[in-house]
Structure formats: structure tokens, C-alpha cells
Amino acid sequence: MTTILQANGFEDCATIEDLSEFTVLIVDDSPLNLDVAVACLESRGYRTLSAENGVQALQIAMEHQPSLILLDVMMPEMNGFETCRKLKKLSGCDDIPVIFMTALSDVKSKKAGFDAGGVDYVTKPFQVEELAARVHTHIALKVAYRHLKDSELRYRKLVETTPDAILVEGEEGIVFLNSAAVKMLKADNPDKLLGGALLDFVLDDQKEYAAMQLKQACSVDRSAGPPEVMLLQQLTGGRVEVEVNCIPISYHRSPCHMFVLRDITERRRQEAAIEFQATHDALTGLPNRSLFLDRVTQSINHARRNESRLALIFIDLDKFKLINDTLGHNAGDDLLRIMSKRLQECTRNCDTLARFGGDEFVLLVDNLESEADLTHLAARLISSVSAPVLLLGQSHSITCSLGISSFPEDGDNVEVLMRHADIAMYRAKESGRNSYQFFTHQMQDRLNERLKLESSLKQALENDEFVLHYQPQVDLSTGKIIGLEALIRWQSPTLGLVPPGDFIPAAEEGRLISAIGEWVIFAVCKRLQSWRRQGLKIVPVAINISALQFMEQKTEELVKQALNEYMVEPKYLELELTESLSMLDPVTSISLMQRLKDIGVSLSIDDFGTGYSNLSYLKRFPVNKLKIDKSFVSGLTNNPDDYSIVKAIIRMSQSLGLKTIAEGAETAGQIALLAAENCDAIQGFYFSRPLPEAEICAMLKERPRLDISEFGRNKDRGAVLVVDDDVNILRSIKRILRDEAYEVLVASNTEDAYEVLARREVAVIVSDLQMPGESGVQFFSKIKTMHPRSLRILLTGHGSSESLEGAINQGEIYRYISKPWDNAHLLETLGAAFKQYEKGV
Ligand SMILES: Nc1nc2c(ncn2[C@@H]2O[C@@H]3COP(=O)(O)O[C@H]4[C@@H](O)[C@H](n5cnc6c(=O)[nH]c(N)nc65)O[C@@H]4COP(=O)(O)O[C@H]3[C@H]2O)c(=O)[nH]1
């Protein structure tokens, strides 16, 4: 390794390892001189090339591009100066250092040599040591120059490729900027920025502070503190947040500041996103519990200072778990997102809606003005949630329950307010859901009771305190008992016999329903086995299956086990599923039903008519029977809507090949209409209430029958029905009509009249206009739809002609007769009515 630069003050620049890397071209027309110079340089390690004249020298230089040329001046044809000038014009040769070697030692010649482009001058005869030293020096300079150029290139690239913006600003403003700076400040042309200042890009109202920041950043004694952060306005009007570092430098020998600007917009966005994640719910983007509690605490402090009020509303989606379990978590998530949006739309800017997880939302209502505002808000929340929602392509109706607590009345700190809103929400759920409740101190007591009830139910299950009652189901064509429905009761040692309505909801809430359901399945099978062993002719028994129990998908196994254990044929078991449960997720329901059906048990849809059945699914349900809900049966004789619904259900059921049973049949009239509409069976108090085990056992032995002859509708066409709450009038009309050819029936109120009409074919109905309860016109307007063939005559005391005319025009009344009537007129009107009726029949 040869160190040739240290002596020249280039210590840091280069250390030349191997001189043979360098080729020196020696040009001289004297062979002797050539030999001496070649020997001198080769002995020191250089490689050499030789030329005898200028033309040759130029050719070799072009071809080999030597590191240095030693050039004689006086040569024939082309002297050294001329050669040098030409060399400097050749591409790739212009930076080859040329040292003249000549006998011309006068200053003019030396100057001419430098003018021609030479870097040094050696006079002949030369000293080999001196020649070698000069060659070394110029080679070293060349190497150093090359390093410097490389380094300059490297730094230029660095400056140009760094994502940080670099601006050099001096007395005359910005004198240099890299492309990142041009991009950051959104200049279409870098020249636009030259001469300006970094401060020009700071917003006017922040300039003063920014100037201070820059001063601080540029101060020499600045320790390695954090960089200054400022907001710059780009030429296009956009904004960019930057971190600024300042380095004092000398640029073209002038003192300047080099500003290095780093765009931190993205970092800031990420920091904000992390902060958001920590304080918000990922699914809905709503504030989470921790942010919410923070806001409530602040609000309470503010309300305390200003003596203002605030409220918390707990919002819980009813039956969310069921949706989540049946439609899957994706649908559950969609539902939560949709609901969070709907709830949010009901709130004001100053309110905070948060999600605590699951289906639990909480709303902070700040600056509460009045209780009425809260009531309106609660109603709005409920109605926005209950609008139909589309999940997996099917429309669903979701409801919610709300609990409200207010500051300062219901608690003076966040924990108490939250607990009380929660209790109120729980109460809203208990009282039928889809409603709101304000917290009251009695609720706390009720909650304690509820918790006690749940634990008592657990106890009841362990102590075997549940019993089953059985209600017979009767065939309407034979009057025979064709089945039983098993209905649970709780024989509590302290409360007595508790009906299912009082504990099934608590059992569902406390997740005990499946265990209770399991008990029922085994208890029914056990009972069937015992009846059979007693020699009784058994009939199928229907069991209620709760939604939660059904969706747990264990029912199939339990049913199989129970049937096996008690050796009961599957045809003796019927499982009742509610309509709303089956329609919640019809596809899953169908496959679950099919599996149950495959066991051989029969299936029925309970409470039919109360849900929203999709008929195309209903067709695919592997069920045997529809049970018409008792709410329709109870209105059958006197409510045209219920009557139409019942008729439609029976017809639809028949067309689907299903059996129909009507629940809650309490009167002979209801049964007569059901029989007339070809309903297959009934279950209700009219035939029998649900009976305890011993009584039903006796009934199965005796086999009483329903006397169905009673319910064949009498087709006698000659009946007139007179309805009046005044018995004297009834008596008097009966007397007037005594000798007529038609039967006279009477009723002193519309309820009785409906019952008669359900059971008898009546040609003419004469009704008083004014009766307690329903008016004659109302009564007739129902009758018109339910018994359209009967002719309706109104008995009016004082003719409110307007309403009468209206009623006549709408076809509700055939005629009217004013009281006191003329007997002949009455008989004549009735005669005409009978004729009219017969024509119609
Ligand atoms: N007003 C009136 N009511 C009549 C008449 N005939 C029958 N009922 C009553 O109607 C209810 C029929 O049962 P459901 O609709 O399945 O309604 C049942 C069913 O949803 C549920 N339930 C009963 N037992 C069980 C059970 O073992 N498991 C489950 N999951 N739920 C059950 O409790 C509900 C109420 O049961 P119960 O109080 O026994 O009430 C029974 C029965 O006593 C009538 O003519 N008029």
C-alpha cells in the first residue's frame, strides 16, 4: 500500500493501494528520454504507455485513457502544446492531467504550457525523483478529485431521494430545495419557491408563533430536544403538519439555515387512530365504556356547578341473543351497526351514545331540559329501532327496552346512575319489552324479588316442585278427545300453585328454561308410560318448546332419550313451536324440525297468526298442525277481523294439507263458528280447563265427549232475532209476532246476540239503536261482514236521521222502524224482509 497523499494534505481523501492501477502515457520523440522516464515510473509501480509524437499520443490517449500524460513539447509535426489542446477537446480525455517535460525553461513557454491545459511543468534534463514526485502528486490529486465527485454525487442523491423536505434559506431567501420539498409544498415549479421563506407557508394567525419556533430550532445552543411541529399551508391550499429541524450551514460561502421538514400527517393519523381504538367500540365506532364514563363524570361535574340535569338511558335490544344465535354472528354484527346508526340519528350533538358490548347501548342526555323531552326521546328511540330491518335478505322486527335514570334525582355519581338505569331497563323488559321505564326506588326491590325468583326456580327444579296439568283437545267432527296439551305449573311450598306466565319469562331470562324444558319432556314420557301401564288408552300429548331450548339444538337428543327410556312410541308426542320462533330463521328451523320429524314425533306451530309468517317457508315446514292463537278465537263471534283471520288460517291450513286446532275456545258460539268453518279440533275452557294428573287420568278413563250435535248450525230459515236492552220491548215484540210463521229469538245485549248468530242461521235481525256498550249501528256493521245474508232492521227512539241515512247508504241497515212503532208497519216491514231474505238465499 502506498500512501502518497498525506504529504499533500489529503490525508482523509485516499490511500492508494496499488500504483499499477495507474497508467502513465509518456510522449517524447527521443527514445532515450522515453526509456529513462519509463524506467523511473515502472520501477515505482506504475504502468506506462509510450508515444513518439503528438498524433500517436492522441490515439493512445483515446484508446486507453491513461491516468496521466507526460508530454514533451518540442516534437516534429505537432508540438506538445498543440497536442495538449487537442487532447482536452477529446471526450473522455479532457480530465487527464498533463505534465509537460521540456528543455524550454523560460517563463513564456511555461505559461504557454499551463494555457494549453497542462497541470505541471518539468524541465529537462529532469531528476527522476522530482519527476516521480510530481507524477505522484497529480495522480493523488486526481484520485482525491474523483472521491470528491463521488461523494458529492452520493450526497446529492441522498438529498434528492430522502422523503424529508430540505430547504436551504439564507439572506436572499430560499436558495435550494429538494424535490421532496417541492412535492410537500405542492409547487408545480421549484423556481416558484426560490427566494421565498419557510415562514411564507405558515398560516397568518400562526406566523408569530412559528417565527419563534424557527428561531428556537435554529438557535446554536439548542440541545437535542424534540423537533418543532408546525402546520404549513401548501400552494394548492391544502395543509401539512411537519416536524422541523434546523441545521446552520454555509451554502456557497454564505451562512444559511438548512431546514429539514418531515411530514407527520400520516403519523398523526395513526396516533389518532390508536387513540380512537382505545376509546371507541370497533364494531360501531361509538364511544366505549371508558370514554363514556369519562364523559358522564365530566357532565355530572358540569351539572353540579350549573345546577343543571342530565340523564342516562340504557338501551337493550330485545331477543338480540336469539338473532345472533340463529342468524349467525355476521348478521348479529350487521344488526348492531344498523341499530347504532338509528339510535345515533335520534340524538343531539351534545349527547353521547356508547356501546358497552353485546347489545347494550347507553345514551348520555346532557343539559336535560324537561322530563317531557326525555319521554319524547325514549319514544323516538323505540320507534326508530322497531322499523323493519333486513338481515340475510329477510325482514325482521326488532324491539328494544329502555331504562332511564336522571341526575341528581336517581343518583349523584356515575356508578349509581348506571346501576339504576340498568335496573329500569330490566323492568322495561319484564313488563313486556319494547317500552321504556324511568327508574323508581321500588324497582330495586322488584329486581331483588326477580333474582330471588330465579334462585327459587333453580331450587324448584332440584326439589322436583314442578307439576304438569293437561288440557284435552277435542275433534270437532266426532266430539272425541284426540290429544292433550301438557302445561307446566310450579307447586311452590310458599307461593302455592304458580301459573307458567309468572315464572317462564324469569326462567328464560335466567337461562333455566332449557333445564325446565328437559324436565317436561321426560315427565310427559314418564306419564304416558304410567297411563299405558294402568291400561288407559293414551292419546298424543303436546309439549311447548321454548325458543331458546329449540335453538340449543339438544331437543332432538333429549326427545330420543326420553322416548327410549319410557318406551313411548314417538307418535304420542307432539312438539309445539311458536310461529315467531320458526320464522326467525326459517332455514335453520326447517332443518331442526326435519330432524325432530324424522324421530317420528309430530310438530305443530303454536300461537299461529301472531307472528309474521312467510308463506313460502310455511309450506316447507315439516309440521302437521297449526294452532290458531286464542286471541283470535276470543274475538271470533263479535270481531269481524278475527273472524276473517280465523277463516283465512283454516283455509290456508287446509290447502297446505295441515290440521287446524283452535286454542282458547270458551263459548258454544265460538265452537259453532269453528265447526262451520271446518276447523278440525278445539282446545279450551268450554270443554275443559287444564286438569291435574289425577283428574285427567279419570277423564281418559271415562272419555267424555263434546256434544257436537249442538254445533251443527241450524239451517231453519224462519228465525228473527230481536236485540234490545229493554225487556218490555222484547216481550212486546214477541207478543206481536206470536202468530207469525217464523221463530222469534231474543237477546238483551249484543254479546248474547253474537253468540246466537254464531250458532243459528237468522234471517232478520231487529236491533235497538241505543244500547249500553255497542250501538245498534256498530253491531250491524260487524254483522254485515260476519253474517252478510241476514237482513238488519234498526229500532230507533229518536231518529238521528243523518247517522241513519249514512248507515242505510253503507248497506248496514235494511230498514229502520221508529219507536213507538205501528204494529202493522212492523209486521209489514218484517214480511218484506223475509221475502227479500228468501230471494237472496
Ligand atoms: N283464556 C283462556 N285460556 C285458555 C283456554 N284454554 C286454554 N287456555 C290457556 O292457554 C294457554 C295455552 O298454552 P300456550 O298458548 O301454549 O301458552 C303457554 C305456554 O306458552 C307457556 N307454557 C306452559 N307450559 C309450558 C312448558 O312446559 N314449557 C314452556 N316453554 N312453556 C310453557 O305458558 C303459556 C301459558 O300457559 P297456561 O297459563 O297454562 O295457559 C294455557 C291454557 O291454560 C281458554 O279457553 N281460555
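The values are calculated or read from the model by the stated rules, or taken from the named source; none is laboratory data. Remember, predicted model here, so these are calculated numbers, not experimental data. Every residue, glycine as well, gets a Cβ built from its backbone with ideal geometry; the counts of neighbours run over all protein chains shown.
Residue 58 - would you say it is of a type outside the set (Asp, Glu), at pLDDT 95 or above and either in a strand (DSSP E or B) or not assigned by TED's automatic domain parsing to the domain that holds residue 141 (or both)? No: the conditions fail for residue 58. Could you please let me know if residue 538 is over 21 Å from residue 702 (Cα atoms) and of a type in the set (A, V, I, L, M)? So residue 538 fails the test. Each residue in the stretch 461-512 was checked for being under 28 Å from residue 704 (Cβ atoms) and assigned to a loop (DSSP other than H, G, I, E, B), and 6 pass.
Scanning the stretch 171-187 for residues that are part of a helix (DSSP H, G or I) and either in contact with a Cys (Cβ under 6 Å, 6 or more places away or on another chain) or within 21 Å of residue 252 (Cβ to Cβ) (or both) yields a total of 3. Under 20 Å from residue 610 (Cα atoms), of a type in the set (Gly, Ala, Ser) and more than 14 Å from the ligand (Cβ to nearest atom), is that true of residue 648? So residue 648 passes the test.
Working carefully through the options 345, 275, find the one that is exposed (fewer than 13 other Cβ atoms within 10 Å of the Cβ), among the acidic types (Asp, Glu) and under 30 Å from residue 371 (Cβ atoms). Please lay out each step first, then the result.
On the way: 275 fails: under 30 Å from residue 371 (Cβ atoms).
So the residue among 345, 275 that is exposed (fewer than 13 other Cβ atoms within 10 Å of the Cβ), among the acidic types (Asp, Glu) and under 30 Å from residue 371 (Cβ atoms) is 345.
For the stretch 471-491, the set of residues classified as out of contact with any Asp or Glu (no Cβ under 9 Å at 6 or more places or on another chain) and away from the ligand (no atom under 15 Å from the Cβ) consists of 478, 480, listed by residue number. The set of residues in the stretch 557-576 that are in contact (Cβ under 8 Å) with a residue 40 or more places away in the chain and either more than 19 Å from residue 625 (Cβ to Cβ) or not acidic (Asp, Glu) (or both) comprises 558, 559, 562, 565, 566, 568, 572, 573.
Taking the stretch 349-432 and the strands (runs of 3 or more DSSP E) fully enclosed by it, the elements with 1 or more residues that are among the aromatic types (Phe, Trp, Tyr) and touching a residue at least 40 places away in the same chain (Cβ under 8 Å) are at 352-357, 360-365, 400-407.
The residue pairs whose first member lies in the stretch 308-333 and is free of Cβ contacts under 8 Å to residues at least 60 places away in the same chain and crowded, with 20+ Cβ neighbours inside 10 Å, whose second member is of a type in the set (Val, Ile, Thr) and outside any strand (DSSP E or B), and whose beta carbons are closer than 7 Å, counting only pairs six or more residues apart or on different chains, are 332/323.
Let's see how each residue does on (1) among the hydrophobic types (A, V, I, L, M, F, W, C); (2) within 45 Å of the chain's Cα centre (by Cα):
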residue	(1), (2)
650	yes, yes
659	no, yes
669	no, no
673	yes, no
718	no, no
724	no, no
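Taking the options 701, 627, name whichever one is under 30 Å from residue 591 (Cβ atoms), basic (Lys, Arg) and either in contact (Cβ under 8 Å) with a residue 40 or more places away in the chain or within 16 Å of the ligand (Cβ to nearest atom) (or both). So the residue among 701, 627 that is under 30 Å from residue 591 (Cβ atoms), basic (Lys, Arg) and either in contact (Cβ under 8 Å) with a residue 40 or more places away in the chain or within 16 Å of the ligand (Cβ to nearest atom) (or both) is 627. Counted as qualifying within the stretch 523-619 are the helices (runs of 4 or more DSSP H) with 2 or more residues that are away from the ligand (no atom under 13 Å from the Cβ) and surrounded by 19 or more Cβ atoms within 10 Å (Cβ to Cβ), namely 555-565, 579-584, 586-599.
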